[in-house]
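Before any comments, here is the structure.
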Amino acid sequence: MNNQIKLVSVVGPTASGKTGLSVELAKHFHGEIISADSMQIYQGMTIATAKPDKAEQQGIAHHLMDFLPPDSTYSVAMFVEDAKRCIREITDRGNLPFIVGGTGLYVDSLLNNIQFSDDQRDEALSEQLWAEYEQNGLEPLLEQLASFDSDSAQRLAPERNPKRVIRAIEFYLTTGITITEQNRRSRTQQSPYYAVKIGLNFSDREKLYDRINRRVDLMLEQGLIEEAKTVLSSSLSFTSVKAIGYKELAPYIRGEASLDDCVEKLKRETRRYAKRQLTWFRRDKDIHWLYVDNYDSFEELYNAAVNMINKGLAYG
């Protein structure tokens, strides 16, 4: 363990306060932030992804954010390689890396040192599977997955996450190997990282949902509709097109639905996404959870996180 590179990860659902807390922690611990958000990587997708602006970053270096055009495809394997490079550069400068974001697959693949033999993708197949999902829902896809990888189907069924189900089917049809077997093979090497893992959550789920609803209202005030028009009229990759915040507003932009109906759908889809994020992160027993609504002030939450990191780094 003593040879492992020390770092901190701050994870949790959307609107839980990861950005604000991680910036303050990075200031205290001489850190730099590596974004683990699969949509904040894209240029021009700013408001919908809650990408922190320069004022919110407070002079803390942020990496793997706002560096790709939206027509570029990006994968977890690419993220892991890019993040490893960033970690090396940050530690070479004598600073502490902070992995911050809500894309659990990115965080876990990096910290668990998942080995990717080939990041094979079949975009046409993925688009076909997404079309089947849009038409028939998730159940037929889960049944298809169960026919050749029952372990994955059982694991993914409670999450109700179409992206992961579709990826599991695509991976098998492309490589001939189930994603369960790939995961087993990929965990053969020890991680080079010792991570202090902090998770943000709420004891009262309704308080998180209220924050999500208010965030969507703020995004609309900040110009989300105009951003959505621009993004939807652009050429999007099959990864960027999945971003929440644009497709939900598309019927309003096309004059097919009222703004109120589309905004309500956006809030609902964001709440569902937060629930899926929590389902993912709860599987990691090494995450130290901080329940935001149990603290009377941000300062108390911050102090609890500082103490947690100090103890974790001392142990490691």
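The values are calculated or read from the model by the stated rules, or taken from the named source; none is laboratory data. Note that the structure is predicted; figures quoted are calculated from it, not measured. Glycine also receives a Cβ, built like all others from the backbone with ideal geometry; neighbour counts cover every protein chain displayed.
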Can you say whether residue 268 is more than 30 Å from residue 111 (Cβ to Cβ), more than 23 Å from the chain's Cα centre (by Cα) and among the basic types (Lys, Arg), as far as the supplied structure shows? no
If residue 254 meets every condition in (1) under 22 Å from the mean Cα position of the chain (by Cα); (2) of a type in the set (Lys, Arg); (3) surrounded by fewer than 15 Cβ atoms within 10 Å (Cβ to Cβ) apart from one, which number is that one? (1)
Quick one: is residue 212 β-branched (Val, Ile, Thr), surrounded by fewer than 18 Cβ atoms within 10 Å (Cβ to Cβ), modelled with pLDDT of 95 or more and within 30 Å of residue 71 (Cβ to Cβ)? no
Would you point out which residue out of 240, 234 is at pLDDT below 95, small (Gly, Ala, Ser) and touching a strand residue (DSSP E or B) at 6+ places or on another chain (Cβ under 6 Å)? 240
Top-ranked residue in the range 32-44 [being in contact with a helix residue (DSSP H, G or I) (Cβ under 6 Å, 6 or more places away or on another chain) and not small (Gly, Ala, Ser); ranked as surrounded by the fewest Cβ atoms within 10 Å (Cβ to Cβ)]: 32
Restricting attention to the range 292-316, which residues are part of a helix (DSSP H, G or I), hydroxyl-bearing (Ser, Thr, Tyr) and farther than 30 Å from residue 4 by Cα? none
Got a sec? Which of 178, 174 is touching a residue at least 12 places away in the same chain (Cβ under 8 Å), surrounded by fewer than 16 Cβ atoms within 10 Å (Cβ to Cβ) and not assigned by TED's automatic domain parsing to the domain that holds residue 278? 174
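Residue-by-condition table, conditions (1) in contact (Cβ under 8 Å) with a residue 60 or more places away in the chain; (2) in contact with a strand residue (DSSP E or B) (Cβ under 7 Å, 6 or more places away or on another chain); (3) surrounded by 14 or more Cβ atoms within 10 Å (Cβ to Cβ):
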position: 50; (1), (2), (3): yes, no, yes
position: 55; (1), (2), (3): no, no, no
position: 58; (1), (2), (3): no, no, no
position: 66; (1), (2), (3): no, no, yes
position: 97; (1), (2), (3): yes, yes, yes
position: 110; (1), (2), (3): yes, yes, yes
position: 116; (1), (2), (3): yes, no, yes
position: 123; (1), (2), (3): yes, no, no
position: 128; (1), (2), (3): no, no, no
Listed by first then second residue, the pairs whose first member lies in the range 146-170 and is of a type in the set (Asp, Glu), whose partner is assigned to a loop (DSSP other than H, G, I, E, B), with beta carbons under 7 Å and at least 6 positions apart or on separate chains, are 149/178; 170/122
Which residues, counting only those in the range 142-161, are at pLDDT 90 or above and part of a loop (DSSP other than H, G, I, E, B)? 147, 148, 149
When both residues are 6+ apart or on different chains and their Cβ atoms are under 6 Å apart, which pairs have a first residue that lies in the range 237-264 and is assigned by TED's automatic domain parsing to the domain that holds residue 130 and of a type in the set (A, V, I, L, M, F, W, C), and a second that is buried (at least 20 other Cβ atoms within 10 Å of the Cβ) and assigned to a loop (DSSP other than H, G, I, E, B)? none
